[in-house]
Amino acid sequence: MILFVIEVQVKIFIIRHFESEANVQHILAGRKDYPLSPRGAEDAKNVASRFLREYRPQIVYCSPLIRALQSTIPFVISKGTPIIVDERLVEHDIGVFAGRTYSDVESDPRYENNRTKRWEWRPPLGETYEEIAARVESFFSALSVDGSDCLIVTHAVTMRIIRGLLENTFPEYPEHIPKNGEMWEVDFRGVENSHVIATHLFDDVDYRNNRV
């Protein structure tokens with residue numbers, strides 16, 4: 001008798017919001033609400049148009065911040081795809097550093113400039129990376145591996161922690177900062193597994209290197 005093992009999985013796309021006004025002004029936004037820049041809004045339309053030619057996610061999960069919501073709309077407006085806004089996908093709460101410029105924050109002795117040393121570091125009035133990990137693990141644990149393919153629209157730090165979760169590296173996490181509009185693709189098999197993540201960059205997006 002021959003037994004066939006069928007691995008159940010769901011395809012997930014994860015994207016960082018497009019360029020925001022905070023990115024343009026070199027501001028560390030955190031959970032402060034900044035809209036997309038005109039270029040960011042245009043990039044969102046272009047990428048959504050190209051993406052939807054090949055993929056049709058049945059549901060979109062989105063951070064509640066305006067820059068993520070504005071990035072989401074072009075992916076759903078023509079297809080009527082349902083959106084679920086989920087607080088667990090929000091950006092890192094950086095407390096007293098939110099809304100300040102990169103140069104100002106990086107000269108503050110309370111700020112941890114080493115991006116690889118933030119697992120237990122707590123910004124004043126903010127959260128640790130370990131706490132971000134707990135909320136994103138809660139989110140992904142609730143996803144059904146035999147459910148609907150989905151798109152997740154979130155933020156730079158949150159994406160880095162998501163990658164650590166999906167690659168099963170905690171308490172280590174990637175130093176790489178995903179660019180505005182950078183998209184990851186993964187065949188999700190449950191949080192207990194280690195996943196291979198493919199990166200998509202689109203030719204017509206004005207990618208910027210933004211520090212967080």
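The values are calculated or read from the model by the stated rules, or taken from the named source; none is laboratory data. This structure is a prediction, so every number in the text was calculated from the model and none was measured. Cβ atoms come from the backbone with ideal geometry, glycine included; neighbour counts cover every protein chain shown. These area figures cover heavy atoms from the full protein model, side chains too; ligands, DNA and RNA do not enter into them. Shrake-Rupley method; radii C 1.70, N 1.55, O 1.52, S 1.80 Å.
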Looking across segment 39-72 at residues that are within 22 Å of V145 (Cα to Cα) and polar (S, T, N, Q), the single one that is least open to solvent (accessible area, probe 1.4 Å) is S63
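Restricting attention to segment 153-191, and to residues there that are aromatic (F, W, Y) and open to solvent by 10 Å² or more (accessible area, probe 1.4 Å), which single residue is nearest to I66 (Cα to Cα)? Break it down stepwise before answering.
First, the residues of segment 153-191 that are aromatic (F, W, Y): 170, 173, 184, 188.
Still in the running and open to solvent by 10 Å² or more (accessible area, probe 1.4 Å): 170, 173.
Details: F170: 29, Y173: 26 Å.
So, considering only residues that are aromatic (F, W, Y) and open to solvent by 10 Å² or more (accessible area, probe 1.4 Å), the one nearest to I66 (Cα to Cα) is Y173.
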Please go through (1) crowded, with 16+ Cβ neighbours inside 10 Å; (2) touching a helix residue (DSSP H, G or I) at 6+ places or on another chain (Cβ under 9 Å) for S194 and return the number of the only condition it doesn't satisfy.
(1)
From the set of residues in segment 1-38 that are of a type in the set (K, R) and modelled with pLDDT of 95 or more, which is surrounded by the most Cβ atoms within 10 Å (Cβ to Cβ)?
R16
Looking for something farther than 15 Å from V10 by Cβ, surrounded by 13 or more Cβ atoms within 10 Å (Cβ to Cβ) and hydrophobic (A, V, I, L, M, F, W, C) - is there at least one such residue anywhere in segment 139-150?
no
Please specify each residue of segment 113-138 satisfying the condition of being surrounded by 13 or more Cβ atoms within 10 Å (Cβ to Cβ) and among the acidic types (D, E).
E127, E130, E131, E137
Segment 133-176, subset of a type in the set (S, T, N, Q), out of contact with any strand residue (DSSP E or B) (no Cβ under 6 Å at 6 or more places or on another chain) and part of a loop (DSSP other than H, G, I, E, B), residue modelled with the lowest pLDDT
S144
